[in-house]
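Comments concern the structure below.
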Amino acid sequence: YKAKQMHIGWHLFDELNIQDYKNRLSLRSELNDALLERQIKLHYQPKLALQTSDIVGVEALARWHHPQKGILSPFHFIELIEQSGRVQEFGRYIIRLAIEQLAQWKELGITMPIAVNLSPYNLLDLELVDFIQQLLNKYDVSANQLEIELTENETSLNIDIISVQLEKLSKIGVILAIDDFGTGMSSLAYIANLNVNVIKIDRAFIIDILTNRKHKAIVAATIRLSQALNCKMVAEGIEDEEQLLLLMKMGCEFGQGYYFSKPIPIQEMTEQLNNTIQA
Ligand code: C2E
Ligand code: MG
Ligand code: MG
Ligand code: MG
């Protein structure tokens, strides 16, 4: 009986894997069109000053508007992009979309910084900084309107190259954020060596901050760390009022999360920003 159960188990497992594999294969072949036809778009989640509820920036999150499969989250395609060796191309694509959006907002009289997510692999692109500078010049957008969120889970990369690149970005005025702080192995080394402007503490510490004393202590320590280093600190993944109130009481200045808003398409974001300006 046990053997049979296990057999059924494996059988199901294989079927799922094959389906998953087929999905990935078909997505991979569609990646070209996705980039060429700009099917991958940016959705935007506001970042707020907790005391005033003012929107102080937005994070751009990639969504694939697939012609048949609907809207796909990064979970379905970021890995694919990494495996197909197109990380640098994708990074530039996202940055271009964000800077074009900044330019469009500027025309509408909206000034709101956009944060984009980059993989550390993007920083191995030695012409990236020039690319960014040229786009900023072309659209007459100032560099401090662009923020780069870097997740530093990849510890095998050459930190010297990454440091030099980040220093260059910092020099031209781009804002640097460490994303998912607390989950990577080398967060502190990064922060000690680099000109980091923003620390975003990972959602994993916020989700149970009311019940998990250790997580609460880590958040408290990160708030003090960011104050001591003159960084802004953002709490990711605020989902309810209790979390918000506790974070405010602890002295956390900025936050993001479903409690305020999920990531929304550009039209909605622009409308919302227009309304706040008029209000
Ligand atoms: P991230 O940069 O840490 O982004 C935060 C993720 O948490 C987003 O998921 C966001 O939708 C989600 N989130 C925000 N608030 C809440 C909340 O209150 N509760 C919960 N449960 N989730 C919340 P998303 O959009 O699926 O993105 C996942 C990750 O994919 C991002 O994590 C980022 O690392 C990566 N990613 C997204 N867009 C890009 C991109 O354009 N380029 C690269 N390289 N990576 C990207
Ligand atoms: Mg991010
Ligand atoms: Mg994050
Ligand atoms: Mg993340």
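The values are calculated or read from the model by the stated rules, or taken from the named source; none is laboratory data. This is a predicted model, so every value here is computed, not measured. As a convention, Cβ positions derive from the backbone with ideal geometry for all residues, glycine included, and neighbour counts pool all protein chains shown. Ligands, DNA and RNA are stripped out before the accessible areas are found, and what is left, the full protein with its side chains, is counted by its heavy atoms. Shrake-Rupley method; radii C 1.70, N 1.55, O 1.52, S 1.80 Å.
Miscellaneous remarks
- Taking the protein heavy atoms of the chain in the context of the full set of protein chains, the accessible area attributed to carbon and sulfur is 53 percent at 1.4 Å.
- The mean sequence distance of close C-alpha pairs (under 8 Å, at least 6 residues apart), as a share of the length of the chain, puts its relative contact order at 17 percent.
- Cut-off 14 Å between beta-carbons: net charge of the residues surrounding Leu61, Lys and Arg +1, Asp and Glu -1: -1
- Treating r as the C-beta distance of Arg213 and Ile78 and R0 as 30 Å, the FRET efficiency rounds to 0.35.
- Charged side chains reduced to their Cβ positions (Lys and Arg at +1, Asp and Glu at -1) give the stretch 167-279 a dipole of some 500 debye around its Cα centre.
- Accessible area (Å², 1.4 Å probe, nearest 10) - Lys216: 80
- Shape category assigned to the chain from the gyration tensor of Cα positions, a/c cut at 1.5: rounded
- Percent RCO, i.e. relative contact order, over the stretch 97-247, from Cα pairs under 8 Å lying at least 6 residues apart: 18
- Net charge over other residues, Cβ less than 15 angstrom from the Cβ of Gln145 (K, R count +1; D, E count -1): -2
- Chain lengthening between Arg96 and Ala189 when straightened (0.36 nm per residue, less Cα-Cα): 30.5 nm
- Accessible surface, the stretch 13-66, averaged per residue in Å² (probe 1.4 Å): 54
- Look at the alpha carbon pairs under 8 Å that are at least 6 residues apart: their mean separation over the length of the stretch 31-147 gives a relative contact order of 23 percent.
- Global geometry of the stretch 190-279, whether rounded, prolate or oblate, following the gyration tensor of its Cα atoms and the 1.5 cut on a/c: oblate
- Reach of Lys200 by Cα under 29 Å, taken over lysines that are not fewer than 8 positions away in the same chain: Lys41, Lys47, Lys106, Lys168, Lys171, Lys214, Lys216, Lys232, Lys249, Lys262
- Close amide H contacts of Val56 (hydrogens built in the peptide plane, cut-off under 5 Å, sequence separation of 5 or more or a different chain): Lys47, Leu48, Ala49.
- Gain in span if fully extended, Ser29 to Thr52, counting 0.36 nm per residue against the direct Cα distance: 3.6 nm
- Förster-model FRET efficiency, 41 Å R0, Ala204 and Lys171, C-beta, rounded to 0.05: 0.80
- Taking every DSSP helix (H) stretch of at least 4 residues in the chain, weighting each as -39,500 (n - 2.57) and dividing the sum by the residue count yields a mean residue ellipticity at 222 nm of -16000 deg cm²/dmol.
- Residue-count net charge about Ile206 - beta-carbon cut-off 9 Å; Lys, Arg +1, Asp, Glu -1: -3
- Cα gyration tensor shape of the stretch 16-166, rounded if a/c is under 1.5, else prolate or oblate by comparing a/b with b/c: prolate
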